[in-house]
Amino acid sequence: MIFASMAWGQTAVFTEISGKVEIKAPGGGWVAARNGMSIAKGTIIATGFRSQATIKLPAATIYVKNMTRLTLEELVASQGEIKTGLYIRTGSMEAQVDKTPSGQDFRVRSPVSTAAVRGTRIIYDGSRLKVLEGRATLFNIIGQPTNVMANNLAESRDGVDLITPRRFRLLNTRINPFISRIKIGGKSVPSSTFNSFFKDPAIVVFELLW
């Protein structure tokens, strides 16, 4: 009961802001975010170029990356369990989700997938999920899941096809020996270039020119 009352008393708060960060509360207009500002349910958070924000939630911390639009859809405590719901339209975010005595339901959804997190650290951009610590589950839009352990990736680019961690490992194993033999300007192309190609071919062009 004590834990539940503490969860009800907490809210989402900006703790660190860098660059241009704005919020749009329900029924309001866009205003500049500032440290210590509370974030109400339904608020849209937008970060600009070379901008980022850190948000403290009950038993979780969110790091909103640049060029991201994120909505706080749900933040409640029920019978000691904290339920957090976020919606990411564009960009990417990192989340540190703490373990709680009564459990926590932390979910981030996008137009093509949903990431369910319980006591872990993740990076998520709406389609690709990377687990840094612990474990998480990625669902496509029809509810099919794939579990992701630490140091693994999963993705649902079109909302239906799930690229499981195993498929990621197989793809990386098959292409790395070939990639390592390709030299641009006298140096080998890193394996990350191939991984970026699945995300956006323009990234490969940038990396090669750079």
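Just so you know, all these numbers are worked out from the coordinates, no wet-lab data involved. Since this is a predicted model, take the numbers as computed values, not measurements. Cβ placement follows ideal geometry from the backbone for every residue including glycine, while neighbour counts extend to all protein chains displayed.
Couple of notes before you dig in:
- Of all residues making up the stretch 19-50, the number that are more than 23 Å from D98 (Cα to Cα) and part of a strand (DSSP E or B): 10
- Of G119, G126, all but one fail to be crowded, with 19+ Cβ neighbours inside 10 Å, on the phi > 0 side of the Ramachandran plot and assigned to a loop (DSSP other than H, G, I, E, B); the exception is G126.
- Pair list, Cβ under 7 Å, 6 or more apart: the stretch 63-78 residue closer than 10 Å to A46 by Cβ, other residue surrounded by fewer than 17 Cβ atoms within 10 Å (Cβ to Cβ) and aromatic (F, W, Y): M67/F49
- If you check A77, A53 for being part of a strand (DSSP E or B) and closer than 22 Å to W30 by Cβ, only one passes: A53.
- Pairs with Cβ under 7 Å, 6+ apart, first in the stretch 88-100 and within 25 Å of R50 (Cα to Cα), second among the small types (G, A, S) and crowded, with 18+ Cβ neighbours inside 10 Å: I88/S110; I88/G126; A95/A60; Q96/A60; V97/A60; V97/G119
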